[in-house]
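Okay, so here's the structure we're looking at.
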Amino acid sequence: MLSARYRRALNIAVVIVVAGWQLAGAGSQLAADRADYRSVAFQLAMWLVLAVVIAAGSVRLLRGMSGWPGAWALALVALAAATAAAAACPAGQLLKTDWGWGAAGWVGVLVLLRRPFGELAGFLSLAAATTFAIMARDGLHRASLAGFITILAGSAAIQFAVTVAAGALELVARQAAGAAESEAAVRAQSAIARQVHAARHARWLALQATAAPLLRALAAGTADPGDETVRRSCAMEAARLRRMMAETDDTLVPLMHELHAAADIAERRGVAVDIETAGALPGVPPGIRRIITDAAITILVAARSRARVTMAGTGAGIAVSLVADAPEQPRLPAGHGEVTIEQQHDGDDLWMEARWSSQ
Amino acid sequence: MEQPVTVAIVEDHPVVVEGVTSWIDSDRQRRIRLAHVARDLAGLESAPGPAADVVILDLELGGRLITGEIARLAGTARRIVAFPGHSEPDIVMAVLDAGAHAYIAKDEGREHLVEAVLAAAGDRPYVTRSQAKAILADTQPSGPALSAQERQALLLWFQGMSKASVGRRMSITENTVRQYINRARMKYAATGRPAPSKDALLARAIEDQIITPGEVTMYTSRARQ
């Protein structure tokens with residue numbers, strides 16, 4: 001992420017340098033020496049070819065395309081145009097009037113920036129060699145040799161420097177990105193740890209409210225395990241504990257999973273529980289799930305021999321229902337906010353429906 | 001006394017055949033007589049004597065799902081009550097669309113099979129909870145539109161309430177509950193692929209004033225859109 005940002009900034013910088021050189025460097029030289037060329041139109045045409053290559057190379061660089069065929073095709077087109085421009089310079093005036101050599105070198109930097117360093121070295125050598133060949137055609141002498149070496153040292157040094165800097169920056173950026181990533185990982189880990197702790201604490205508090213007093217009373221002997229209400233409270237708390245453990249499981253339909261966990265306790269008592277779903281069920285937030293499963297647990301604990309648990313998708317919401325034979329008719333927890341709970345008794349039969357809508 | 005309804009059982013699990021036989025026998029009024037038992041469809045078709053009024057059909061015979069055969073079987077004027085081991089909504093809808101009279105999941109058998117067979121013999125609809133579930137789960141845009149009342153009655157029936165309790169809940173009579181649920185079923189019979197068994201169901205439903213002839217045309221033309 002970070003390294004990508006660095007890379008992009010550097011790519012833009014290279015594009016600006018190369019385009020700037022083409023406009024200000026090569027362009028101004030072409031304008032200043034226009035009287036010396038045999039054909040200004042030809043020079044201008046070659047200059048335009050390079051400008052097009054630079055435009056194409058810039059697009060490739062900014063889009064992150066670095067395949068060798070494209071890169072080298074552009075490089076060689078630029079070199080051919082630059083060489084043609086150099087060859088058309090007036091004899092003996094090459095070093096003074098040629099703009100192509102320098103421009104071709106910059107095109108090489110642009111299109112070979114993301115290629116191995118040796119490729120740029122090869123390309124710059126090729127450009128120097130062709131220029132030297134044209135110069136040799138016009139006859140070599142000491143002054144022209146000295147001029148050639150001066151220009152070679154000057155332009156190649158800058159072009160190499162830019163490329164080396166790009167490589168170095170890439171390395172630094174990668175290190176910086178690595179550091180940022182590990183910092184983010186540490187931060188995420190501590191956030192997860194905090195959340196896990198908060199969830200544990202919430203569960204501990206929930207147990208304190210109901211399960212702990214019951215256990216304390218059993219331990220102290222004030223609650224009699226032979227008493228039907230005590231036994232029912234135990235079953236209720238056992239179902240809640242099962243539900244609580246199921247809450248942290250990672251499942252596709254957590255509500256169904258939690259209802260299964262609660263139903264398991266009833267099944268151990270010999271209650272036949274069947275669980276059915278109809279239609280697509282929406283995701284239900286944890287707080288809402290707890291209200292719904294609490295109501296379900298109350299009925300599952302009160303069920304004598306059978307219970308049917310159903311979940312039905314209702315457009316944007318869900319209707320969770322229980323039908324059971326529950327002669328005792330337990331008191332259901334009240335609905336809360338977004339959850340409405342309704343019930344109906346028909347003789348021993350108890351029907352309950354908890355509805356929640358996400359809208 | 002009326003002639004008993006004859007049934008054939010097509011089922012490859014002997015224990016299921018025994019269960020069905022005992023349900024039939026436990027009907028005090030002896031309204032059903034078991035004509036024959038076959039292990040597969042070939043066995044059913046080669047059975048001697050007149051064809052049974054109703055076929056109780058397992059959908060998985062010899063490890064093979066035979067839902068594709070139902071349309072052909074329903075075309076031979078037999079009334080089919082599907083009695084499979086599962087209740088996936090897609091299969092339920094496909095089986096009913098192919099022309100089965102009713103769909104009873106195995107765990108609904110004790111409560112519903114005898115009544116469903118009798119209803120099928122009279123070309124009357126019988127909607128089990130697994131059928132209600134499949135209709136509630138149906139989101140096909142080409143499916144018929146159910147009224148809010150029909151949907152609510154189906155939902156409460158699916159949830160496990162008795163029809164009397166559904167009536168109390170909705171402040172309507174048990175008879176009206178039955179009417180809502182059967183109307184929903186008839187809307188499905190009037191759409192989808194045509195079958196002689198569905199025509200018989202619809203004709204009887206019009207006679208019983210569950211739906212009017214105009215509604216049948218309305219649903220079919222809607223389905224053909």
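A short reminder: the numbers here are calculations on the coordinates, not readings from a lab. For clarity, every value in this text was computed on a predicted model and none was experimentally measured. Don't worry about glycine lacking a Cβ; one is built from the backbone with ideal geometry, like all the others, and counts go over all protein chains shown.
The H on the amide N of B:Thr6, modeled in the peptide plane, is under 5 Å from the matching H of B:Arg33, B:Asp53, B:Val54, each at least 5 residues off or on a different chain. Compute the acute angle (0 to 90°) between the alpha-carbon long axis of helix A:286-302 and the principal axis of greatest extent of the alpha-carbon atoms of chain A; round to the nearest 10°. Taking Cα atoms only, the helix is inclined about 20 degrees. Multiplying the residue separation of A:Val253 and A:Ala316 by 0.36 nm and removing their Cα-Cα distance gives an extension gain of 21.1 nm. In the neighborhood of A:Asp264, defined by Cβ-to-Cβ distances under 12 Å, what is the net charge if each Lys or Arg adds +1 and each Asp or Glu adds -1? Here the count lands on +2. The angle between the Cα long axis of helix A:68-87 and the main principal axis of chain A comes to about 20°, on a 0 to 90 degree scale.
Answer rounded, prolate or oblate for segment B:75-225, using the Cα gyration tensor with square roots of eigenvalues a ≥ b ≥ c: rounded when a/c is under 1.5, else prolate when a/b is larger than b/c, else oblate. All intermediate terms of the calculation are to be shown ahead of the outcome.
Details: a/c = 1.33, a/b = 1.10, b/c = 1.21.
It is rounded, given that a/c, with a ≥ b ≥ c, falls under 1.5.
Mean residue ellipticity, 222 nm, helices only, chain A: the sum of -39500 (n - 2.57) across DSSP H runs of n ≥ 4, divided by residue count and rounded to 500, is -23000 deg cm²/dmol.
Given Cα pairs under 8 Å that are at least 6 residues apart, what percent is the relative contact order of chain B?
So the answer I get is 16 percent.
Annotation: the antiparallel percentage among DSSP beta bridges lying fully within segment B:5-224 is about 10. Relative contact order, whole percent, for segment A:235-357 stands at 22, derived from Cα pairs under 8 Å and 6 or more residues apart. Between rounded, prolate and oblate, where does segment A:235-357 land on the alpha carbon gyration tensor, with a ≥ b ≥ c its root eigenvalues, rounded for a/c under 1.5, else prolate if a/b exceeds b/c? Oblate is the answer for segment A:235-357, as a/c is 1.5 or above yet b/c matches or exceeds a/b.
Highest mobility in the GNM of chain B, judged by mean-square fluctuation with C-alpha springs under 10 Å and restricted to B:Glu69, B:Glu18, B:Glu150, is found for B:Glu18. Each residue of segment B:160-176 is assigned a 3J(HN,Hα), and the resulting list reads x, 5, 6, 5, 5, 5, 4, x, 4, 4, 9, 6, 9, 7, 4, 4, 5 Hz, derived from the Karplus form 6.51 cos²θ - 1.76 cosθ + 1.60 (θ = phi - 60°), x at Gly and Pro. Each residue of segment B:95-105 was assigned a 3J(HN,Hα) from its phi angle through the Karplus curve 6.51 cos²θ - 1.76 cosθ + 1.60 (θ = phi - 60°); the sequence is 5, 5, 5, 6, x, 5, 6, 8, 10, 10, 5 Hz, with glycine and proline shown as x.
Hey, can you rank B:164-177, B:202-215, A:220-233 by average C-beta count inside 10 Å, highest first? Numbers along the way, then the final one.
Working: B:164-177: 16.9, B:202-215: 15.1, A:220-233: 11.9.
The densest-packed peptide leads the list: B:164-177, B:202-215, A:220-233.
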